[in-house]
1. Per q in 0.15, 0.18 1/Å, what log10 I(q)/I(0) does a Debye calculation on the alpha-carbon atoms of region 109-291 return?
2. If you work out semi-axes √(5λ) of the Cα gyration tensor in Å from the coordinates, which of [x] 30, 26, 20; [y] 42, 21, 17; [z] 42, 30, 17 do you get?
3. Sequence gap at least 6, Cα distance under 8 Å: using those rules, report the relative contact order of region 61-198 to the nearest whole percent.
4. With the contact rule set at Cα under 8 Å and sequence spacing of 6 or more, what percent relative contact order holds for region 59-138?
5. Quick one: work out the % antiparallel among DSSP beta bridges in the chain, nearest 5.
6. When ranked by the protection proxy of mean other Cβ atoms within 10 Å per residue, highest first, what sequence do the peptides 98-105, 218-225, 275-282 form?
7. Relative contact order for the chain: what percent, with Cα pairs under 8 Å and sequence separation of 6 or more?
8. Could you pull out every one of the lysines with an alpha carbon less than 27 Å from that of Lys310, ignoring same-chain neighbours closer than 8 positions?
Amino acid sequence: MKDSGDLAAWIELSLVPGLGGQRFRSLLSTFGLPTNVLSATRSQLCRVVPEALAASILERNRGSEIEKALQWAAQPEHSVLTLADVEYPRQLLEIADPPALLYVAGSAKLLSSPALAVVGSRNATPQGLKNAQSFARTFSEAGLVIVSGLAIGVDSAAHSGGLEGRGSTIAVLGTGIDIVYPRRNEPLAAEIVLRGALVSEFPLGTPPNAGNFPRRNRLISGLARGCLVVEATLDSGSLITARLAAEQGREVLAIPGSIHSPLSRGCHSLIKQGAKLVESAQDVLEELGATGVPETRLPEPSAGHDLLDKMGFDPCDIDGLIARSGLTAEIVSAILLQLELEGKVAGLPGGLYQRVR
């Protein structure tokens, strides 16, 4: 159990207005711990930060906010991870500006699991939403955690696909951990807490300010081994996530689309810049195989016909198909995705599938 006094000091320092991540880390480098920073004199602090910021650190008038955060952290399935914690995701330490604190609702351990970011437009086409959900479901069955931003459109579809079957998903928020934005995604957020994790670097009560969302994108890409852009216009925020992923040394992948669709131009731009062109979920799994993600063997063409025969025309779930076919979850998911794209199988609510021809 984390010492509440130490955690209180971390929270207090994180609440100082104008104290960004770089200066936070500079203070830690000089003084060692937040408790030492808070007990330092003005002259000592001024050797590291500007005088106005030193004065703000010494105000010590944030007691109610600290207590609120500690009470939140004391609830079941809630945690606040600091840079000093062994549970802090190691992959975030690789990025240029790791947050000093992470508020987590759900499984904090999930943040260190192999993950893939799936992002795209809020105004995606029906096919884009279908691709996001189907691909995410396949990635999840293959052992990847799906990371996205809980926005409407591609994000929501990716989270939903990640939760299907035996999968998990992480939603990185641009608000405080206690605020779900948009509100229509509150039911989805509640399900993610039960089977995945909500994550935020922002203090409790932080509203959905526009500047927060580009900033949180570095965490979406940073938590993942690669970033797949499903659909995006040229001014889409998902291109920011893709750029950050490239800067962080992550794989960048994109699904092409119609040359006439504005929602394809962002993906086409990424592909021109060297992003991996993705035509199937298997393309992504093969690309990430070199980084340690379990590779999935492509099924033989006849396997699709065999699985169709075993489906019949009644709705069934993946577990049932695995039992009937004797194939692995990864292979069944890959076949189902291909059959969906061929129009032979339809995905139904509740993770069910039905043969349509």
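Computed from the coordinates by the stated procedures, all read-outs in this text should not be read as laboratory data. All values derive from a computational prediction rather than experimental measurement. Note that each Cβ is placed from the backbone with ideal geometry, even for glycine, and that neighbours are counted across all protein chains shown.
1. Treating every Cα as an identical point scatterer, log10 I(q)/I(0) equals -0.75, -1.12.
2. [y]
3. Relative contact order for region 61-198 comes out at 22 percent.
4. 25 percent
5. Among the beta bridges of the chain, antiparallel pairing accounts for roughly 45 percent.
6. 218-225, 98-105, 275-282
7. Relative contact order for the chain comes out at 13 percent.
8. Qualifying lysines at Cα under 27 Å: Lys130, Lys344.
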